[in-house]
Amino acid sequence: MTHIAISRIHFPVTTLGPGNRLGIWFQGCSIRCPGCISMDTWAPGKGATTVEEVIAAISAWLPRVEGFTISGGEPFDQPEALFGLLSGIRAISELDILVYSGHPFERLDANLKGMPGLIDALITDPFDMESSHTVAMRGSDNQRLHLLSDLGRDRLYALERPLAADDKMFDLMMDASGEVWLAGIPGRGDFDKLKDHLAGRNHRITTTQNRAISSGRRREND
Ligand code: SF4
């Protein structure tokens, strides 16, 4: 049994790679990039489950899944769990696996040597809000795409392209508690525009970013 902390699992995710993808977000991130829009995934110790339970949970979607996207949070903060998850996916599917990491590729070398052939494409490096945003599937242009397998080179090479208008899309998902999540990579300031738009129609939006900022302030005051 391999322990893993997961923020959420969703299908279909259509904005983080080609086709209808199964998205798995790890919980916990030690990198903490300024401007991160996934601050709800930073805290460790939430979403504890096992790799075996995750594999069992995703199996029902498999007939309709066209690829896997693993993000977070920081997947490589849980290397054993990541290895177990990737191995489990490979055991039940021949579809491509795209992984996001906020670490530089060079720092992941040792981890990747222990996961041969398990990742088809890897997008690395921390989100940098000072960097421009002109490349598809990334939040900032310093982030690099690495095609690590023939399947990745065949199916995911097209992610190396300029940002297009139709890249600016979100998948909306609602969990059992009624909270709405967005999957995708927003343009700079898009969340603020969305908040202003909803506020103009008398809706109130509380983003996880704002909540995480509040809890971060509490921590600073401790
Ligand atoms: S690595 Fe990803 S989840 Fe972690 S702080 Fe950076 S952008 Fe956010």
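Just a few scattered comments:
- Failed criterion for R64 (all others in (1) in contact (Cβ under 8 Å) with a residue 60 or more places away in the chain; (2) more than 27 Å from R188 (Cα to Cα) hold): (1)
- Lone qualifier among S93, S38, S101 - being within 13 Å of the ligand (Cβ to nearest atom) and under 20 Å from L156 (Cα atoms): S101
- Unmet criterion (only one of (1) away from the ligand (no atom under 16 Å from the Cβ); (2) closer than 23 Å to W42 by Cα; (3) modelled with pLDDT under 95) for N111: (1)
This table checks each residue for (1) surrounded by 15 or more Cβ atoms within 10 Å (Cβ to Cβ); (2) more than 18 Å from the chain's Cα centre (by Cα).
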| position | (1), (2) |
| --- | --- |
| S93 | yes, yes |
| P104 | no, no |
| A110 | no, yes |
| K113 | no, yes |
| S131 | yes, yes |
| Q143 | yes, no |
| D150 | no, yes |
| R153 | no, yes |
| F170 | yes, no |
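- Any hit, region 148-168, residues being within 16 Å of the ligand (Cβ to nearest atom) and in a strand (DSSP E or B): no
- Near pairs, Cβ below 9 angstrom, 6+ apart or cross-chain, from region 21-43 (without any contact (Cβ under 8 Å) to a residue 40 or more places away in the chain) to any residue that is open to solvent by 10 Å² or more (accessible area, probe 1.4 Å) and charged (D, E, K, R): T41/R8
- Test: residue in region 82-91 that is on the phi < 0 side of the Ramachandran plot, of a type outside the set (G, A, S) and without any contact (Cβ under 8 Å) to a residue 12 or more places away in the chain: no
The values are calculated or read from the model by the stated rules, or taken from the named source; none is laboratory data. Note that this is a predicted model, so its numbers are computed, not measured. Cβ: placed from backbone, ideal geometry, glycine included. Neighbour counts: every protein chain shown. To get the accessible areas, we keep the full protein, side chains included, count just its heavy atoms, and leave off ligands, DNA and RNA. Shrake-Rupley method; radii C 1.70, N 1.55, O 1.52, S 1.80 Å.
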